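A short write-up of the structure that comes next.
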Amino acid sequence: MKPINLILFFILFFSIPNGYGKENKTICEKEPNKTRYGQKLILNSQCAMNLAGWECKDGFIQRRDKCLKLQIPKNAVLNEDNHTWSCLSGYRKYRNVCKKIKLPKNAHLTEDGHDWICSEGYTRSKHHCIKN
């Protein structure tokens, strides 16, 4: 097959869901309460056009064949992917919590707010800033 024909094949194959025309819906749109393979959905999941045929709803995380509510600790926010969380600025992730960053004398937070660096003229030494 010529390269241009192969490109056209892929464009047509992957851009036309289940045939031609606007009246065709994806499997998930036709039966939103089932996986893309027609199986019953598990609790807190939704149909998805992925290999598994399902994914967890926003605010839930997949653990094996279950969707568990994502536990967002104090001083954290849900990320844009809706399945993970990050600590607020001034806090650092430690296991499943956000710990406040203790700033030593002559230090300030990094740009992302999740660590600290020493001010100009000082060098980091474990948990302190020492004068150069």
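The values are calculated or read from the model by the stated rules, or taken from the named source; none is laboratory data. None of these values were measured; they are calculated from a predicted model. Cβ: placed from backbone, ideal geometry, glycine included. Neighbour counts: every protein chain shown.
This table checks each residue for (1) touching a Lys or Arg at 6+ places or on another chain (Cβ under 9 Å); (2) at pLDDT 95 or above; (3) of a type in the set (Asp, Glu); (4) over 23 Å from Lys69 (Cβ atoms).
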| site | (1), (2), (3), (4) |
| --- | --- |
| Asp81 | no, no, yes, no |
| Tyr91 | yes, yes, no, no |
| Asn96 | no, no, no, no |
| Pro104 | yes, yes, no, yes |
| Ala107 | yes, yes, no, yes |
| Glu120 | no, yes, yes, yes |
| Arg124 | no, yes, no, yes |
| His128 | yes, yes, no, yes |
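Identify all residues within segment 110-123 that are more than 21 Å from Asn79 (Cα to Cα) and surrounded by 13 or more Cβ atoms within 10 Å (Cβ to Cβ); write none if there are none.
Those that are more than 21 Å from Asn79 (Cα to Cα) and surrounded by 13 or more Cβ atoms within 10 Å (Cβ to Cβ): Trp116, Ile117, Cys118, Tyr122.
If you check every pair at least six apart or on different chains, which have Cβ atoms under 9 Å apart with a residue in segment 40-67 that is aromatic (Phe, Trp, Tyr) first and a residue that is exposed (fewer than 13 other Cβ atoms within 10 Å of the Cβ) and in a strand (DSSP E or B) second?
Pairs found: Phe60/Lys69.
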